[in-house]
Structure formats: C-alpha cells, structure tokens
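Please treat every number below as a calculation from the coordinates, not as lab data. Keep in mind that this is a model prediction, so the values were computed, not measured. Using ideal geometry, Cβ is built from the backbone for each residue, glycine included, and neighbour counts are taken over all protein chains shown.
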Amino acid sequence: MALEVKLEAFEGPLDLLLHLIEKNKVDIYDIPIVEITEQYLDYIRQMESEDMNVMSEFLVMAATLLDIKCRMLLPRETGEDGEEEDPRAELVQKLLEYKMYKYMSYELRDMQMDARQSFFKGVTLPQEVAAFRPPVDYGQLLGDTTLAQLHDIFKSVIRRQEEKVDPVRSSFGKIEKDEISLEEKTDRVQQFLRSHRRFSFRRLLERQHSKMDVIVTFLVVLELMKLGKIAVEQAEIDGEITVISREDADEG
C-alpha cells in the first residue's frame, strides 16, 4: 500500500521517518520496515534538491532502511544473553531521541511565544533608596590588600586568641549548679516521716542522688528539729543516729 505524501520541507531523514510513522499510526517500537521503506524511497524519488549535503543524508538513511529490510528477511542473530537481536533497535533508539528533542523544541517555542505577551514594570525606587550610598567603600577600605594577605591576617588573629587560652585551666571540667528546691525537699522528708515513724538518719541520706541532695536534706532535718517536729537520739558516740517523728506526740 503506497501512501501519497505531500512534499514538505523536512529537517532531516529522521524527521521524515517520524512523519511517516505518525501518518501510518504505527507503533514506533514495532516499525513495519517494508512499508515505511517503500514510502521513504517514494519521497526520495520526488525530492528535488541541488544541495548534495542534504540529499546525501536522506540517501544514507535510505541505505540504512534497505539494510534493515534485508536483515529482517534473514534469521535473527542472538546476543550474549541468548535473546534475538532486533535489526530495528538502533533506528528506534535514534527516532525516540529525535522525537524527544523535537517536542522539547516545541515547548521552548511556546514558552518564547508566551514570553512575548509578558510585560514588565520598569524600575521605580523611592528617591531615598536610589540616593543611598554605603557608608563604607569596601573597595577603598581594602585598597591593595590581596586575598593571601587577608588570610595571613586572619591566621594571626586566630593565633593570638589561641595564645590567650590557659592550657591548664582549659582542661578543667565545667562546674554546674544543682538546682534543688528547699521547699520541695522539705515536703519529701515530711512524706517519708509519715510512713517511717522511726528510722536511721544514714538510711535517709542514702536515698539521696547527689551531694547537694545530701546537704539540703541535712538542712531540712536541722530545721525540723528546730521546729520540734522530729527528735534525734544516738546511743553511742559512734553509733547510728535515729530520727523519731514527734508529730503524734505534739498532737496528743
């Protein structure tokens, strides 16, 4: 079946092939190489061009199509993976790449057409802004100073800062202040007194988590002794100190 092709100006042999494929509405991955080759050669016969460079490109593609047509008639060659090689594969790849670039050019053309319809407002700045000048001219400030000289100055400043650091004190750890509320510790000790009417002072201190907890707990015990809410007894000088709650006795 021969297709009547209206002579048009094509940008190259790939453009003509893509035109024939779209006209015939065939799958680009499964090109009917016999029909497309015949239509391509019909177009070549009708071409009239004095530019041999242009004609040579179309003739080279015609020879390629004829070569593929002949290879399609022969038994298929197999690749390293054992699958049959399609003689049209390389041509299909070139057509896909050309089609992609062609449609990208259409997109750029449309963007250019849209850009022609865009209008931009001229620069309008308030007089105060337009008349503003930086208070310091950095070019004049730097003068003939080069980047290498600036780097040397930076290194000297850093060296001076490092020399100010005491190598001994800089290795010391950071002392952090433990934030412990005296009121909160008093409430906790009083809660312990309600459930433990008589207990070892050492046992109370062992329940604390830090040195500051121990100190504050000791102060709380002294304050409760002052208020008469607890009593303390020690059988021996080096013996255990026993704390006794006196709240029940006061209430009685």
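Structure above, values below:
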{"item": "When the stretch 19-152 is reduced to its Cα atoms, the Kirkwood hydrodynamic radius in Å", "result": "21.7"}
{"item": "Distance histogram in 10 Å bins (all Cα pairs of the stretch 80-164, percent per bin)", "result": "11, 13, 13, 12, 16, 17, 14, 5"}
{"item": "Projected-area average for the chain over all orientations - Cα convex hull basis, square nanometres", "result": "46.0"}
{"item": "For the chain, calculated [θ]222 nm from helices alone, where every DSSP H run of n ≥ 4 adds -39500 (n - 2.57)", "result": "-18000 deg cm²/dmol"}
{"item": "Rg and Dmax [Cα atoms of the stretch 182-251; Å; Rg one decimal, Dmax integer]", "result": "11.7, 34"}
{"item": "In the stretch 53-131, the GluC sites (Glu not before Pro) that fall in loop regions by DSSP, at most 15 other Cβ within 10 Å", "result": "E77, E80, E83, E85"}
{"item": "Sparsely packed GluC sites (Glu not before Pro) within the stretch 179-240, loop by DSSP, other Cβ within 10 Å at most 11", "result": "E179, E236"}
{"item": "Label-point separation in nm, V54 to D152, each point 7 Å along Cα→Cβ", "result": "6.7"}
{"item": "Test item: Cα-centred dipole of the chain, Lys/Arg +1 and Asp/Glu -1 on Cβ, debye", "result": "1880"}
{"item": "Helical segments meeting 27 Å axial Cα length and Kyte-Doolittle 1.0 threshold in the chain (DSSP H)", "result": "52-73"}
